[in-house]
Structures are given as structure tokens and as C-alpha cells.
Amino acid sequence: MTPLLTATGLAIGHGGKVLIRGIDLSLDRGSVLCLLGPNGAGKTTLFRTLLGLIPPVHGRIALGGEPLSRLSRLQVAARLAHVPQALATPFAFTALDIVLMGAAARLGPFARPGRVEAERAMAALDRLGIADLAGAEVTRLSGGQRQLVLIARALAQEAAAMVMDEPTASLDFANRRQVGHAIRRLADAGTGIILSSHDPDHAAAIADRALLLNRSGLLASGTVAETMTAGNLSRLYGIPVRREQGDDGRLRFY
Ligand SMILES: Nc1ncnc2c1ncn2[C@@H]1O[C@H](COP(=O)(O)OP(=O)(O)OP(=O)(O)O)[C@@H](O)[C@H]1O
């Protein structure tokens, strides 16, 4: 089956200056790929490049087998949805308003969302278990609830793949777990998800594959078990890291 997203021989950076070169990645249906790396390694730059917001310095990106450079903004939106780190709006939109923006993302700029989009938005809220929050003002929701609304917005876009930049960064332990479960359930139902995290335990709990990036470039790429070794994480963060596997099979890092 054609991967949802591929990058081949990719070099990323700003203003033509290379930050990281030699990135090859592939995202399949039902898979969670986690980017790990220290602050400033280039995770957000990679995401922005994959979304077509900044041009690659070299290399090729394809969405569903089609070169990204040949796709219109609407065609990209139909293939790849973006979940930002946090909902940055001071306005009292309801959760349904926010999710409708995703449902309408595939309409032209002058089309108004109608009944079909409203139903799609409600279905997305329902799949994330927050249909009861549809009428709630987002400024009054908890950080975890707001993050679920953002994921519902991406889901309503009906793209096969999603990019999530540190989706659990500002969340407490319980909210992080709730959002993590929601992400895993979406992947198990077929969505391909590429996300970044600063928490190796959480990444190992929800991801199938990992990509380790530091300021010198791409350190490792492959399954969580083979890439998230104590040696690789020690090199990645520049501190000694130990890895243990619990009786439940979960990897934990100290
Ligand atoms: N618009 C820009 N123009 C020039 N350099 C930039 C720009 N945005 C980011 N950078 C630089 O690119 C490098 C990578 O930044 P990026 O935000 O991609 O890292 P990151 O891995 O997402 O970091 P963090 O974990 O802190 O979010 C940094 O050195 C940053 O200063």
C-alpha cells in the first residue's frame, strides 16, 4: 500500500541554510511515528516542511504518493492535518466552532460549512468522547479538553494522516494519559500520526516507530524497541540514560 507520507533524502532548514540533512521517513496507515530530540534540534522545522509551510532545502516529500510540491493547499489539507501545540485563541468560540473549521478545511475559501460539515464535526467530537462539550466555550475548557478539541478538528478534516507538534506538552499526568490514549485509538482505527514529544516514556507507550534528531542530525530511525535504546537516548540528550522494560512490556527511561 502507498505510504501516507514519505520523505526521501530530505534536508531541512531556514532561508536555504541546512539544519538537518539525510532524513528518510515513511508513515503508514495505523502507525504512530514519534520525533524525539533536544530543544532546537529541528522537530518543528521538519513538521513545517512536511506540511508545505517552508520549502525543503533538498529532497522529496510525497503525500499519498503525490509530490507535495504539486499539491494545492486544499489537496494537502485532504491528506495531512495539523494539530498545533495548543489552541491559541482569546475568543470565546465553542468547541463545535473550532471543529467546524477542520470540517470546512476542504471547502474553497468562499464556501460556508453546511449540514454535512456540522455532522462531520459532531462525529469527530463524539469519536474523541467529548460530544458533550460541543457547546462549551473553549476558553473555559481544561488544557486536556482543549487538546482533544484540536485533535477532533484534525479528525473532522478527514485527512488520512496527522502531524502533532508536542500534543501533550502542557498537560498534566492525567490529561497526558487521556490524550495519549486518544492518539493511540485514532491510529488503531487507521490514521497515520507523526508527533513530537519530550517524554521518552510517553513516546514509547504510544508510538510504533521513532526518529531521533539532534543538532548534529539524524541519530536513528526505526521501531521504538530498536531505536530508543539507552545508548541512543544518552547520545541524543547528552546525559546518561537507562532503559528498563516492565512486566507489562512497557519501556521506561531513567
Ligand atoms: N523562522 C526561522 N528562521 C531561522 N531560524 C529558525 C526559524 N525557526 C526556527 N529556527 C531555528 O531552527 C532551529 C530548530 O528550531 P525548531 O523550532 O525546529 O526546533 P525544535 O526541535 O522544534 O525545538 P523545541 O523542542 O524547542 O520546540 C533552532 O536553532 C531555531 O532557532
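Structure values in brief
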item	result
Cut-off 14 Å between beta-carbons: net charge of the residues surrounding P84, Lys and Arg +1, Asp and Glu -1	+2
The chain: antiparallel DSSP beta bridges as a percent of all, rounded to 5	60 percent
M1-R21 FRET efficiency (beta carbon distance; Förster radius 41 Å; 0.05 resolution)	0.90
Dipole axis of the chain (+1 Lys, Arg; -1 Asp, Glu on Cβ), positive-most option in G144, L46, A210	L46
Modelled label reach - H58, point 7 Å along Cα→Cβ, the stretch 204-218 residues with backbone N closer than 17 Å	216-218
Whether the stretch 26-129 is rounded, prolate or oblate, judged on the alpha carbon gyration tensor where a/c under 1.5 counts as rounded	prolate
Cα centre as origin, Lys/Arg/Asp/Glu Cβ charges: the stretch 1-109 dipole, Debye	240 debye
Ranked list, fewest to most other Cβ atoms within 10 Å of each Cβ, for E117, E244	E244, E117
Assigned charges on the beta-carbon of Lys, Arg, Asp, Glu; the stretch 124-254 dipole about Cα centre (debye)	280 debye
Dipole-positive endmost among I130, V116, S234 within the chain (Cβ charges, Cα centre)	S234
The chain, relative contact order [Cα under 8 Å, separation at least 6], %	25 percent
Exposure proxy order (Cβ contacts within 10 Å, fewest to most) of T45, T191, T139, T168	T139, T45, T191, T168
Selection of trypsin sites (Lys or Arg not before Pro), the stretch 88-159, meeting DSSP coil and at most 12 other Cβ within 10 Å	none
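The numbers here are math on the coordinates, done by the rules we state, and not lab data. If you're wondering where the values come from, they're calculated on a predicted model, not measured in any experiment. Cβ: placed from backbone, ideal geometry, glycine included. Neighbour counts: every protein chain shown.
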